[in-house]
Amino acid sequence: MLISLAACVTGFLLDFVFGDPVWLYHPVRVIGNFISFGERKLRGIFGKTEKGELAAGTVLWFLTAGFSFVIPFLVLWGAQRLHPALRFLIESFWCYQILAARCLVRESGKVYDRLKEKDLPGARKAVSMIVGRDTENLTEEGVTKAAVETVAENTSDGVTAPLLFLILGGAPFGFLYKAVNTMDSMLGYKNEKYLYFGRFPAKMDDVFNFIPSRVTALFMIVAAFLTGMDGKNAWKIWRRDRRKHASPNSAQTESACAGALSVRLAGDAVYFGKLHKKEYLGDPLRPIEPEDIRRAGRLMYVTAFLVLLVFGAVKLAVLV
């Protein structure tokens, strides 16, 4: 367990310094391919009825979760038997791949750069790579809000939640979390194709993120004080607006971020040509601006460092 904790810290630092190794085939793509293959096979086995699709999606969830946990566990077990240093190297690299802090800052930074260059079409294209909504008609304010919101939400989904699972159980737990998150991303849609098939994966994503999203929001409020942002307002807005989202988890970090930046986020958005009504998060104490994208990135990093420091110290205290 000490090796796993050391590997988690090493992976976090590697991601902070170098970012995602895009030159290497990512393990999450293996998980995604497994999900796609399983979906095709299980739809054929269980049929197209509502109960059949619900059962197929549930079976796929357990198969994917089991596959994503067992394979890394066995590889690390074998590496440990050969030499603890080999296990440390493999697990460190996997932890590095699982975390996405630097990638999130880099991709949102592309939006910031296009906005600073007054290239609105380029900014729309850049933000379309990191959000699910339609972006072709977004204003500069809309593009900026979309980028800030995705940094705020993915502070939990892409950084602190997998970090907490890595601290708890090493790379096998980290890959388990990434599998759950990937299944929700691929299957968790309320449309004709996935309304029943994706229901169980979507619900389990809510379960897995329930505690991490709330822990992250609280640490984000502390980070707001430490970074000179409005920590008091972050606490106020989080308390008031953290439930103003269809998801039980997404508004947790978005509301804290909105309060820390003293801006208003969320509101109506268009997905696949259809307008979705959403409540606002935060108060418009000032207009949102491109610099808020970078501020949200700093808030994310300080939040992640705090989570690593506190929960890593707790894990170390338990082990020794």
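The values are calculated or read from the model by the stated rules, or taken from the named source; none is laboratory data. Please read all numbers here as calculations on a predicted model, not as lab measurements. Cβ placement follows ideal geometry from the backbone for every residue including glycine, while neighbour counts extend to all protein chains displayed. Accessible surface areas use protein heavy atoms only, side chains included; no ligands, DNA or RNA. Shrake-Rupley method; radii C 1.70, N 1.55, O 1.52, S 1.80 Å.
Screening the candidates R40, R29 for the property of being open to solvent by 90 Å² or more (accessible area, probe 1.4 Å) and farther than 30 Å from F305 by Cβ yields one hit, R40. Go through segment 1-17 and give me each residue that's touching a Lys or Arg at 6+ places or on another chain (Cβ under 7 Å) and either at pLDDT below 90 or not acidic (D, E) (or both). Within segment 1-17, I3, L5, F16 meet the criteria. Restricting segment 219-264 to residues that are of a type in the set (V, I, T) and not in a loop (DSSP other than H, G, I, E, B) leaves a set whose member that is surrounded by the most Cβ atoms within 10 Å (Cβ to Cβ) is T253. Within segment 269-296, if we keep just the residues that are part of a helix (DSSP H, G or I) and farther than 16 Å from A234 by Cβ, the residue that is least open to solvent (accessible area, probe 1.4 Å) turns out to be I293. The residues of segment 44-64 that are under 14 Å from L195 (Cβ atoms) and crowded, with 21+ Cβ neighbours inside 10 Å, listed by number, are E53, A56, G57. Restricting the first residue to segment 293-320 and requiring it to be under 26 Å from E107 (Cβ atoms), which pairs with a second residue that is open to solvent by 60 Å² or more (accessible area, probe 1.4 Å) and part of a helix (DSSP H, G or I) meet a Cβ separation below 7 Å and a spacing of at least six or different chains? Pairs that qualify, where the first residue is under 26 Å from E107 (Cβ atoms) and the partner is open to solvent by 60 Å² or more (accessible area, probe 1.4 Å) and part of a helix (DSSP H, G or I), are V302/L226; L306/V222.
Hey, could you check segment 11-26 for residues that are part of a helix (DSSP H, G or I) and out of contact with any Ser or Thr (no Cβ under 8 Å at 6 or more places or on another chain) and say which is most open to solvent (accessible area, probe 1.4 Å)?
Initially, segment 11-26 is screened for residues part of a helix (DSSP H, G or I), giving 11-18.
From what is left, the residues that are out of contact with any Ser or Thr (no Cβ under 8 Å at 6 or more places or on another chain) are 12-13, 15-18.
Details: F12: 6, L13: 85, D15: 4, F16: 83, V17: 82, F18: 136 Å².
Within segment 11-26, the match that is most open to solvent (accessible area, probe 1.4 Å) is F18.
Let me spell it out: the conditions are (1) out of contact with any Leu (no Cβ under 6 Å at 6 or more places or on another chain); (2) closer than 29 Å to C95 by Cβ; (3) open to solvent by 30 Å² or more (accessible area, probe 1.4 Å); (4) not aliphatic (A, V, I, L, M), and G170 meets all of them except one. Which number is the exception? The failed condition is (3).
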